[in-house]
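First the structure, in the form of structure tokens, and then the observations on it.
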Amino acid sequence: MSDSSKNGMPIAPVPGGNSGAAAARRANAFARSSSSAARNDRIFNVFVWALGILVILFILGLLFMLLRKGLPNLSWDFLTGLPSEIEEGGGIGPALFNSFYILFLSLAISIPLGMAAGIYLAEFAPDNRFIGFIRICVEGLSSVPSIIFGLFGISLFVDIFHLDLTILGGAVSLAFLNLPMLTRVTEESLRSVPTELKNASFALGSTHLQTIRTVLIPVALNGIITGICLTAGRAFGESAVIILTAGVTTSGELWDFNLLSPGETLAVHLWYVQSEAIVPDAGDIAQKATAVLIMIVLAINLVFRLPLWIKARKMKG
């Protein structure tokens with residue numbers, strides 16, 4: 001035995017012995033944790049991909065069911081012809097024109113007002129309870145059923161201004177329907193712009209208005225365009241508001257720009273043919289009108305998004 005043992009003194013542990021074992025245990029635990037995290041990540045990726053594929057297949061299947069009968073039978077005569085009340089072979093010309101006309105008028109009203117309101121709430125409105133109450137009201141109006149706006153349109157144009165069911169009433173009522181969504185989308189898009197960009201613009205001597213026009217709106221344009229696409233597609237396919245404010249008939253002319261004429265749109269014509277019409281080929285008309293409605297809504301989204309895609313590719317290139 002050594003002298004230290006004989007004298008009753010403890011033997012010093014080998015330096016690094018226990019710390020090496022602890023490090024090995026931590027390394028094993030980290031390896032097991034990393035392996036479990038990698039396995040969970042693979043499972044999650046498979047789940048997300050499977051869910052995405054199922055959603056895409058569902059959408060494609062739904063489009064196929066809606067388009068397979070109507071799309072192959074479309075003709076120019078059907079797109080530009082006048083509707084028929086009794087005989088078969090009627091077209092959708094006036095209803096199709098009214099759809100674009102009312103959509104254009106409603107967006108011409110709602111886009112400037114909605115963007116102005118969103119810019120005010122995002123950049124100029126004080127942070128107090130009253131403005132918070134206004135935001136709650138705007139969000140509430142975004143979820144109000146469209147028929148409520150139709151009833152408001154009847155009260156405004158028929159009861160107060162003593163007008164009949166007109167294109168003007170339908171367009172203004174649709175604009176009221178679109179305003180809350182456009183306001184909230186514009187506000188949230190502007191608020192998502194990094195503060196550093198705005199501060200940099202101020203540091204370069206730009207005014208608040210110049211900063212909004214040259215920095216905030218261009219950066220937030222993707223979100224704003226998305227909101228416009230949603231409102232445009234909703235307005236083009238809206239029927240409840242149009243039935244109550246613009247009617248279920250047309251003037252009988254293909255190109256009628258008179259704002260006081262009745263304004264049956266394609267969505268209303270589809271509902272009328274499917275539920276009320278007595279023409280022998282009502283089913284075929286409904287199938288073809290459905291195909292036209294779907295294709296136009298897809299085209300509207302493409303028209304609004306295509307310039308942004310081209311701009312993004314140029315910036316990446």
Qualifying positions in region 214-261 - at positive phi and either surrounded by fewer than 17 Cβ atoms within 10 Å (Cβ to Cβ) or among the polar types (S, T, N, Q) (or both): Gly252
If you check every pair at least six apart or on different chains, which have Cβ atoms under 6 Å apart with a residue in region 64-80 that is farther than 11 Å from Ile92 by Cα and of a type in the set (Val, Ile, Thr) first and a residue that is modelled with pLDDT under 90 and not in a helix (DSSP H, G or I) second? none
Given the condition in a helix (DSSP H, G or I), open to solvent by 30 Å² or more (accessible area, probe 1.4 Å), under 30 Å from Leu209 (Cα atoms) and touching a helix residue (DSSP H, G or I) at 6+ places or on another chain (Cβ under 7 Å), answer yes or no: does some residue in region 155-177 qualify? yes
Across (1) part of a helix (DSSP H, G or I); (2) without any contact (Cβ under 8 Å) to a residue 60 or more places away in the chain, Leu113 clears everything bar (2)
Are any of the residues in region 272-283 at pLDDT 90 or above and surrounded by 16 or more Cβ atoms within 10 Å (Cβ to Cβ)? no
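Residue-wise test of (1) of a type in the set (Lys, Arg); (2) within 16 Å of Leu96 (Cβ to Cβ); (3) modelled with pLDDT of 90 or more.
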{"position": "Ile217", "(1), (2), (3)": "no, no, yes"}
{"position": "Val248", "(1), (2), (3)": "no, yes, no"}
{"position": "Asp256", "(1), (2), (3)": "no, yes, no"}
{"position": "Ala289", "(1), (2), (3)": "no, yes, yes"}
{"position": "Met315", "(1), (2), (3)": "no, no, no"}
What's the number of the condition Gly91 fails, among (1) touching a residue at least 40 places away in the same chain (Cβ under 8 Å); (2) small (Gly, Ala, Ser); (3) surrounded by 15 or more Cβ atoms within 10 Å (Cβ to Cβ)? (1)
Could you run through region 183-211 and say how many residues are hydrophobic (A, V, I, L, M, F, W, C), assigned to a helix (DSSP H, G or I) and open to solvent by 10 Å² or more (accessible area, probe 1.4 Å)? 6
Residues that are in contact with a helix residue (DSSP H, G or I) (Cβ under 9 Å, 6 or more places away or on another chain) and either open to solvent by 20 Å² or more (accessible area, probe 1.4 Å) or at pLDDT below 90 (or both), drawn from region 110-121: Ile111, Leu113, Met115, Ala116, Ala117, Ile119, Tyr120
Residue, farthest from Val241 (Cα to Cα), within region 284-310, restricted to residues that are exposed (fewer than 13 other Cβ atoms within 10 Å of the Cβ) and of a type outside the set (Phe, Trp, Tyr): Ile310
Test Leu107 against the stated conditions and say whether it is open to solvent by 50 Å² or more (accessible area, probe 1.4 Å), modelled with pLDDT of 80 or more and under 27 Å from the mean Cα position of the chain (by Cα). no
Of everything in region 293-317, what is closer than 15 Å to Gly237 by Cβ and more than 20 Å from the chain's Cα centre (by Cα)? Give them in sequence order. none
Every residue from region 64-76 that is within 9 Å of Ala291 (Cα to Cα), open to solvent by 50 Å² or more (accessible area, probe 1.4 Å) and touching a helix residue (DSSP H, G or I) at 6+ places or on another chain (Cβ under 7 Å): Leu66, Lys69, Leu71, Leu74
Yes/no for Ile136 being over 30 Å from Thr207 (Cβ atoms), loosely packed, with under 11 Cβ neighbours inside 10 Å and of a type outside the set (D, E, K, R): yes
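The values are calculated or read from the model by the stated rules, or taken from the named source; none is laboratory data. Fair warning: this is a prediction, and the values are worked out from it, not measured in the lab. Here the Cβ is made from the backbone with ideal geometry for all residues, glycine too, and neighbour counts use every protein chain on show. SASA here: full protein model, heavy atoms, side chains in, ligands and nucleic acids out. Shrake-Rupley method; radii C 1.70, N 1.55, O 1.52, S 1.80 Å.
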